[in-house]
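Enquirer: I'd like to ask you about the structure that follows.
Coordinate-derived values only; no laboratory data. If you're wondering where the values come from, they're calculated on a predicted model, not measured in any experiment. As a convention, Cβ positions derive from the backbone with ideal geometry for all residues, glycine included, and neighbour counts pool all protein chains shown.
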Amino acid sequence: MKLSRRYTQPGIHPLDQVEYDKRRSVITNPDGSIVFEAKDLEVPKEWSQLATDILVSKYFRRRGVPSPEGRETSARQVVHRIVHTIREAGEAMGGYFESVDDADAFEDELGYLVVHQFGAFNSPVWFNCGLWHAYGITGSGGNWAWDFDKKDVFEIGNSYLRPQCSACFIQSVEDDLMSIFELAKTEARIFKYGSGTGTNFSRLRGCQEKLSGGGTSSGLMSFLEVLDRGAGATKSGGTTRRAAKMVCLDMDHPEIESFINWKVREEEKVRVLIESGKFGADFNGEAYHTVSGQNSNNSVRISDEFMQAALQGKEWGTYARTTGELVSRLDAADLLRQVCEAAWRCADPGVQFDTTINDWHTCPNTDKIRASNPCSEFMFLDDSACNLASINLIKFLDDEGNFDVEAFRHVVRLFILAQEILVDFSSYPTGRIARNSHDYRPPGLGYANLGAMLMVLGIPYDSPEGIAMCGAITALMTGHAYRVSAELAAVKGPFPGFARNAKPMMRVMHKHRDASERVSAEFCPSYLLAAARAAWDEAIDQGETSGFRNAQVSVLAPTGTIGLLMDCDTTGIEPDFALVKFKKLAGGGYFKIINGSVPRALRRLGYSSREIQDILQYVNGSLSFRGAPHINDVALKALGLT
């Protein structure tokens, strides 16, 4: 592939042109006690202290890094470790760069984008990519990767430097005791290297069903409690990140009511313990430690058939997993009410609309989609993985509020190429996931800071203008990413599973293009809408000729930690919910996060420097715009505060 330069020049390393500060990083508890401290750290001057604390506490590696000290003390070292490793992997695998000059351009441009906070890879890349130590289980392998020479997966011994770079995994489980505990083993391995996993447990028999050797099964919920404890005992990536875990269940499972109300019951136990006065309300405290269900996100898989039954007041059947026999008849509307009430009380379960999800599935001829990763942005085949990256949208606004389409396309192209290289360079927790990752190659490119971008533009988040701009940017990102994927397919070949799924995948591509045509021309800037629609025309034209290198290309992830690393005021696609936020860390300590987009938004709304100073002084004291001098209802609405 030919790669152009936009931000760098040949022979001048972009990391050497950054102005750095020497800083100290301290993370404390509310009482002032120190959880983490490090000194004499080299960080870009333009980064906030919050981004510094994230980088140092989460992503500086203490061993196995290519530096004389064997540990990292500079952002320059971390960024170089990642982008240089990806460049070398692309060269080793062949076909990604037309020349050394193109490889140089790739490394320089990608390094510039990361160090200047245009985009960031998911945490496992920061944790693992480019370290010297082995990534398999010491002495016995344990992880799997793709063998470029033999064209097959192999189990990694402790002499291979193949990092786990995917944040998102979806795994299968069978109605078998050994399969359940094999899942526990692979979940632990995924958590260890900083990633998350989700599984649909609908194959497991209910507590009403018989065992082959006699007796009755202990049931689905008993095993979910065991796996929940395992996740709670594991720190993700060996740092203070919690393990990330998703549990999905179909609505026709015999234990669906117990699953829906699982966390509700556990939260009630916690409430009683706290009200006794003997236990604190801290999430990391003993009260929560005594109950189950606190270490996973739970979701129910809802079909159109179930929704129709609920709307029409019909009964809904649950069925035995071993025999297929009817176990119970439930009121569908009441079951949906239980889902809503449980989510209102404890935020779980979420809902995943199974029929709609599979209607947009690019590879249905292989299998259906049954589950998602823990944050539900990645939905694909069982035993698959996805490495994520997110783009900081506010970086593409100029002083007049125009969105730089060409710069955005450039960044999309570089990150998709990097993520594609990571697919075969990475290791995976099972041979099946390694094979599916090679055969379907689904990276997940997304964005962050949409809410802040709209705030700076003075566009209310939930407005026709906000919706149209969000739709156009999302269409542009995904359409151009598929265009790059088709370009990759022309030089590297389409993903191995493409031929089997070519017809349904092209059907989904046309569905995307049709959706881009429905973005409102009345409320979206014409240049942005034209670019989005052109991106899908180009993707389909190239895809019909070359196929696609990747079965999926984009997701909209929450971008929690990496969003803070990029100094984003809002996470993925969400609006801001407070001017000042306090993020409590699972391992102790907290971050105070202040929205930095407000002054820029106020300037765009026409406020003078003196008025902005008065407003910010009031907000710093009250943590609210209510009653602030000079502020009117129009400004509050534009800032998303009404």
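Enquirer: Just one of (1) 250; (2) 183; (3) 203 is volume of the Cα convex hull per residue in Å³ calculated from these coordinates, so which is it?
Expert: This structure yields the entry labelled (2).
Enquirer: Going down the table (Lys58/Lys185; Lys511/Lys581; Lys185/Lys263; Lys185/Lys368; Lys58/Lys581), which pairs top 27 Å between alpha carbons?
Expert: Numbers: Lys58/Lys185 24 Å; Lys511/Lys581 39 Å; Lys185/Lys263 24 Å; Lys185/Lys368 25 Å; Lys58/Lys581 19 Å.
Where the Cα-Cα span goes over 27 Å, the pairs concerned are Lys511/Lys581.
Enquirer: To continue, here is another question. Straight-line reach from Lys2: which lysines fall under 25 Å, measuring Cα to Cα and dropping same-chain residues less than 8 apart?
Expert: Lys395, Lys492
Enquirer: Pick out the long, greasy-scoring helices in the chain: whole DSSP H runs spanning 24 Å or more along their own axis by Cα, mean Kyte-Doolittle at least 1.0. Mind showing how you got there, number by number?
Expert: Details: long enough: 75-93 (27 Å, -0.14); 405-425 (30 Å, 1.10); 464-492 (41 Å, 0.66); 498-517 (28 Å, -1.13); 526-546 (30 Å, -0.19).
Helices meeting the span and hydropathy rule in the chain are 405-425.
Enquirer: Let me ask something additional. In straight Cα distance, which aspartates and glutamates are under 17 Å from Lys278, not counting same-chain residues fewer than 8 positions off?
Expert: Within the straight-line cut-off, Lys278 pairs with Glu267, Glu268, Glu286.
Enquirer: Give the aspartates and glutamates reachable from Lys210 as a straight Cα distance under 15 Å; neighbours fewer than 8 places away on the same chain don't count.
Expert: Asp175, Asp176, Glu255, Glu325
Enquirer: Whose amide H sits under 5 Å from the amide H of Thr28, counting only residues 5 or more places off or on another chain, with H placed in the peptide plane?
Expert: For Thr28, the qualifying residues are Val35, Tyr590.
Enquirer: Quick one: which residues, 5 or more positions from Gly198 or on another chain, have an amide H under 5 Å from its amide H? H modelled 1.01 Å from N in the peptide plane, none for Pro or chain starts.
Expert: Counting only residues 5 or more places away or on other chains, the set is Phe169, Ile170, Gln171, Met246.
Enquirer: For Cα pairs less than 8 Å apart in space and 6+ apart in sequence, what is the mean separation divided by the residue count of the chain, i.e. the relative contact order in percent? List each step's numbers first, then the result.
Expert: Values: 1272 pairs, mean separation 92.8, N = 642.
Answer for the chain is 14 percent.
Enquirer: Counting alpha carbon pairs within less than 8 Å and at least 6 residues apart, what relative contact order, in whole percent, applies to the stretch 81-131? Kindly include the intermediate steps, with their values, before the conclusion.
Expert: Values: 23 pairs, mean separation 27.1, N = 51.
The normalised contact order for the stretch 81-131 reaches 53 percent.
Enquirer: Suppose R0 equals 35 Å. What FRET efficiency, 1/(1 + (r/R0)^6) with r the Cβ-Cβ distance, do Glu275 and Asn29 give to the nearest 0.05?
Expert: Working: r = 24 Å, r/R0 = 0.70.
Calculated transfer efficiency: 0.90.
Enquirer: Using DSSP, restrict attention to beta bridges with both residues in the chain and report what percent are antiparallel, rounded to the nearest 5. Spell out each step's value before the answer.
Expert: Details: 38 of 63 bridges.
Just about 60 percent of them are antiparallel.
Enquirer: Rounded to two decimals, what is the ratio between the C-alpha radius of gyration of the stretch 1-112 and 2.2 N^0.38 Å?
Expert: Details: Rg = 16.7 Å, N = 112, 2.2 N^0.38 = 13.2 Å.
After normalising by residue count via 2.2 N^0.38 Å, the value is 1.27.
Enquirer: Per DSSP helix of 4 or more residues, -39500 (n - 2.57); summed, then divided by the residues of the chain. What does that give at 222 nm, rounded to the nearest 500? List each step's numbers first, then the result.
Expert: On the way: 22 runs with 270 residues, N = 642.
Calculated from helices alone, the mean residue ellipticity at 222 nm is -13000 deg cm²/dmol.
Enquirer: Using the Cα atoms of the stretch 418-525, I'd like the radius of gyration and the largest Cα-Cα distance, Dmax, both in angstrom.
Expert: Spelled out, the Cα radius of gyration and Dmax of the stretch 418-525 are 17.4, 50 Å.
Enquirer: Moving on to the next point. Highest first, please rank the peptides 569-582, 477-490 by the mean number of other Cβ atoms sitting within 10 Å of their residues. Intermediate values should be presented prior to the final figure.
Expert: On the way: 569-582: 17.6, 477-490: 24.5.
Per-residue mean Cβ counts within 10 Å order the peptides as 477-490, 569-582.
Enquirer: Here is a further query. For the stretch 175-314, what mean projected area does the convex hull of the alpha carbons give, in nm²?
Expert: For the Cα atoms of the stretch 175-314, the hull's average projected area reads 10.8 nm².
Enquirer: Let me ask something else about it. Working out 0.36 nm times the residue gap between Lys45 and Lys151, then minus their Cα-Cα distance, what length gain in nm do you get to one decimal? Working shown, then result.
Expert: On the way: separation 106, 0.36 × 106 = 38.16 nm, distance 4.55 nm.
Here the answer is 33.6 nm.
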